[in-house]
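Working notes for the structure below.
The values are calculated or read from the model by the stated rules, or taken from the named source; none is laboratory data. All values derive from a computational prediction rather than experimental measurement. Backbone-built Cβ (ideal geometry, glycine too); neighbour counts: all protein chains shown. Side chains included, ligands, DNA and RNA excluded: accessible areas come from the protein's heavy atoms. Shrake-Rupley method; radii C 1.70, N 1.55, O 1.52, S 1.80 Å.
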Amino acid sequence: ANIFFYFLVALVFFLTTSSIKILKDIVYNKAFMMFFILNFINMIYYIMIEFGDIDSLKYLFARFIKFSIFSITIFYLDFQFPDRLIKFLKYLTISILFISIGLNFPDLNNRYVGVFLNANEFAIIMVVGFSIILLTEKFSLINLLLLTSFSSLVILSGSRSAIIGIFIAIIFYLIYNKERNWNMFFFLICSIIGLSIYSGDNNALIRVFNS
């Protein structure tokens, strides 16, 4: 997981510095100003409060990666959100899903973080993938497997906000999708409840009820 994280840091750094013109266009674009301000605030906080702490430095890099990926993605897609961005996010989240399982197989005793450093941030990525598949894709066995995998890792992450996000996505699916598949709905609900019962006290659903 650490090797993948460092590789991701290097890749994002290369993308943000490989073209001076692209970097300049992003920096001077007001739409991205908020993300650079947040990165700057995180850097100042690290220097003044937690300088020298390796875990805090990793967390700073993780924040930098998140904001940079978002900015670069929007720039390269030329603000054509509806189709390209959703497709890109779908493949990105699926890739993170399988890479996480391959490099850091989940267990039932600890909160699952995948290839990230924070369980909540990892879980939010899984919610994004779950929502995209549920709300934009037609029913198929492959998509059902992906939905089950996304929701299972959210449960194992122990993230309360993420599991709430899963249920919000399901509610949106039931309200706005005219071709809703009730068998898929009941299967997802049963799998979420079933895994929550057998995955210990650190799972997301149990933590919601215990909070």
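See the values below:
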| quantity | calculated |
| --- | --- |
| Residue match in segment 137-157 (condition: of a type in the set (Phe, Trp, Tyr) and buried (at least 22 other Cβ atoms within 10 Å of the Cβ)) | yes |
| Hits in segment 190-211 - residues which are open to solvent by less than 40 Å² (accessible area, probe 1.4 Å), part of a helix (DSSP H, G or I) and in contact (Cβ under 8 Å) with a residue 12 or more places away in the chain | SER191, ILE192, SER196, ALA204, LEU205 |
| Unmet requirement for GLU179, which otherwise passes all of (1) in a helix (DSSP H, G or I); (2) in contact (Cβ under 8 Å) with a residue 24 or more places away in the chain; (3) open to solvent by 80 Å² or more (accessible area, probe 1.4 Å) | (1) |
| Unique residue being closer than 20 Å to SER191 by Cβ, modelled with pLDDT of 90 or more and either out of contact with any Asp or Glu (no Cβ under 9 Å at 6 or more places or on another chain) or among the hydrophobic types (A, V, I, L, M, F, W, C) (or both) when the list is LEU108, LEU145 | LEU145 |
